[in-house]
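Asks: Would you mind keeping the following structure in view while I ask a few things?
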Amino acid sequence: MALYIKDEDVDLPAEKLQAAVGARTKAEAVRAALMHELERVQARQSFAERNAEAFALADKIGAPNPDFDAKAFMDRMWGE
């Protein structure tokens, strides 16, 4: 089946991609681009999935101490 693109805004980037990747045909270049995009979308994880380990560590550590004085801590650390 031949690939016929009517929209010039789609056809021009398809031709540029064909030249850039050295594809024999425009259809081959578009097929590769579509497969790459599908793989990228399917591999994408949600924010929660990407950061599950950090969220688990934060839960383990617990809530911050509201009475912690960062300035006093830094002064002690620097011997002031």
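A short reminder: the numbers here are calculations on the coordinates, not readings from a lab. Because the structure is predicted, anything quoted here is derived from the model rather than measured. FYI the Cβ positions are ideal-geometry reconstructions off the backbone, even for glycines, and counts take in every protein chain you see.
Asks: Taking a ≥ b ≥ c as the square roots of the Cα gyration tensor eigenvalues, with a/c under 1.5 meaning rounded and otherwise prolate when a/b beats b/c, else oblate, which class fits the chain?
Replies: Values: a/c = 5.22, a/b = 3.28, b/c = 1.59.
It comes out prolate by the Cα gyration axes.
Asks: Within the chain, what is the longest stretch that has no chymotrypsin sites (Phe, Trp or Tyr not before Pro) placed in a DSSP loop and near at most 14 other beta-carbon atoms within 10 Å?
Replies: With chymotrypsin sites (Phe, Trp or Tyr not before Pro) excluded where exposed in loops, the chain gives 5-67 as its longest stretch.
Asks: With the crude spin-label approximation of a point 7 Å out along Cα→Cβ, what separation in nm comes out for Asn65 versus Met77?
Replies: According to this spin-label approximation, the distance is 1.4 nm.
Asks: Between the DSSP loop rule and a limit of at most 12 other Cβ atoms within 10 Å, which trypsin sites (Lys or Arg not before Pro) in the stretch 8-48 are left?
Replies: Those satisfying the criteria are Arg24, Arg44.
Asks: Residues with beta-carbon under 12 Å from that of Pro13, excluding Pro13: net charge, scoring Lys, Arg +1 and Asp, Glu -1? Don't skip to the end; give the middle numbers.
Replies: Values: positive: Lys16, Lys26; negative: Asp7, Glu8, Asp9, Asp11, Glu15.
Result for the local shell: -3.
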